Amino acid sequence: MAAWRSLLEAHAAVVELLEQELERACGLPLSQYEVLLKLAGAPGGRLRMRELARSVLLSKSGLSRLVDRMAAAGLVCRERSLDDRRGAFAVLTDQGRMALRKAAPVHLRGIQEHFAGYLGEAEAEVVGVALGRVTAAAREAGGQARGGSCEPEPCEPDGQPEPCEPGGAAQDVGEAAQSGRVLSAD
């Protein structure tokens, strides 16, 4: 549990520093930088809103509000899907691409200064491999849980099962991450 707690604390502290630096230098929140980065790496600079929400770890409604703010600032635009009338795409604009180019050096310098600079080459490789393995297993378990039955699992400190409600766990993720408790997959 010490490694888990250290990971949570390091993540929170480094992300806070990265956020402050991006805001100060570029006037760009980290969440917007993440969206711009994901769109820049996508074919044609566009992603379905659903895909984008998954890749930046936001709820669909949270991403929708974020994209609305970014569209108002001219960083992205929305396009309706021609194949699926309910679907929409977020599309990187030229202004968004310019904002990303300006912010990227600030963000990368921050990662080096606040994270990578504290790890030797071998340590960085071990951390990368270990976290990659954890991420892959969690994604696999999440995929199985979405397709399987909803069985409550003990995840509260008192051993009582947490109710398993579709979508309910997503709201508790931030709180759980801060406390270090484990959430069951829903």
Using a 1.4 angstrom probe on heavy atoms only, work out the carbon and sulfur share of the accessible area of the stretch 46-92 in %. 50 percent
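Starting from the Cα gyration tensor of the stretch 1-156, take the square roots of the eigenvalues, sort them a ≥ b ≥ c, and report rounded, prolate or oblate (rounded when a/c is under 1.5, otherwise prolate if a/b is larger than b/c, else oblate). Intermediate values should be presented prior to the final figure.
On the way: a/c = 2.07, a/b = 1.13, b/c = 1.84.
Oblate is the answer for the stretch 1-156, as a/c is 1.5 or above yet b/c matches or exceeds a/b.
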Residue separation times 0.36 nm, minus the C-alpha to C-alpha distance between residue 9 and residue 65: what's the value? 17.4 nm
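What accessible area per residue, rounded to a whole number of Å², is obtained for the stretch 17-66 using a probe radius of 1.4 Å? Spell out each step's value before the answer.
Numbers: 2660 Å² over 50 residues.
About 53 Å² of surface per residue is accessible.
How do 93, 135 stack up against each other in accessible area, from largest to smallest, with a 1.4 angstrom probe? Working shown, then result.
Working: 93 30, 135 60 Å².
Output order, biggest surface exposure first: 135, 93.
The values are calculated or read from the model by the stated rules, or taken from the named source; none is laboratory data. All of these numbers come straight from a predicted model, not from anything done at the bench. Ligands, DNA and RNA are stripped out before the accessible areas are found, and what is left, the full protein with its side chains, is counted by its heavy atoms. Shrake-Rupley method; radii C 1.70, N 1.55, O 1.52, S 1.80 Å.
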